[in-house]
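Read-outs throughout are calculated quantities, based only on the coordinates presented, and are distinct from any laboratory measurement. What you see is a predicted model; the values in this text were computed from it and never measured. Every residue, glycine among them, receives a Cβ derived from its backbone with ideal geometry; neighbour counts consider all protein chains shown.
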Amino acid sequence: MSGTRIAEACCMTPITSFRDLEVWQRSIDLVEACYRITASLPRDERFGLGNQMRRATVSISANIAEGHRRTRRAYLNHLSIALGSHAEFETYVEVIRRLGLIEERLLVKAETLQQSVGELLHGLVRSLER
């Protein structure tokens, strides 16, 4: 059974593109939130930490998209990479928090999205592994 059919069976909604996947949609929301956060970083951190954060979130959505168009095995590999990028972003948020680089309220939306994306990614992996 292809990854698309598995997703259809789980959601009962036809998945014809990676754009139809809730996990991809939420990961794009996370990219937007990340760009807002990094724009608020102190100037000397925007190109270091900020750039790394942006790359990590874009990597999540890009790997979901690329993997969706590949074999199940390759898809799982891309989702594994997306999970690694997800953990990377989570770490950057914690660094920002501990160093007090931006206001806490700016991190809340990103953390909510981050948690949702992580749960959806893990669920998709479990579904594909069955």
In whole Hz, what ³J(HN,Hα) sequence does segment 29-38 give by Karplus (6.51, -1.76, 1.60; θ = phi - 60°), x for Gly and Pro? 4, 5, 4, 4, 4, 4, 4, 5, 5, 5
With +1 on each Lys and Arg Cβ and -1 on each Asp and Glu Cβ, and nothing else charged, work out how big the dipole of segment 24-130 is about its Cα centre, in Debye to the nearest 20. 400 debye
Positive-end extreme of charge dipole, the chain - chosen from 34, 14, 48 (charges on Cβ): 14
Can you tally the net charge around residue 53? Count Lys and Arg as +1, Asp and Glu as -1, for every other residue whose Cβ sits under 12 Å from the Cβ of residue 53. 0
Rank 65, 82, 39 by mean-square fluctuation in a GNM of the chain with C-alpha springs under 10 angstrom and give only the top-ranked residue. 39
Treat each spin label as a single point 7 Å out from the Cα along the C-beta direction, and report the residue 47 to residue 116 distance in nm. 3.4 nm
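Run lengths n ≥ 4 of DSSP H only: what is the helix-derived mean residue ellipticity at 222 nm for the chain, with -39500 (n - 2.57) per run over all residues, to the nearest 500?
Using -39500 (n - 2.57) per qualifying helix, the result is -27000 deg cm²/dmol.
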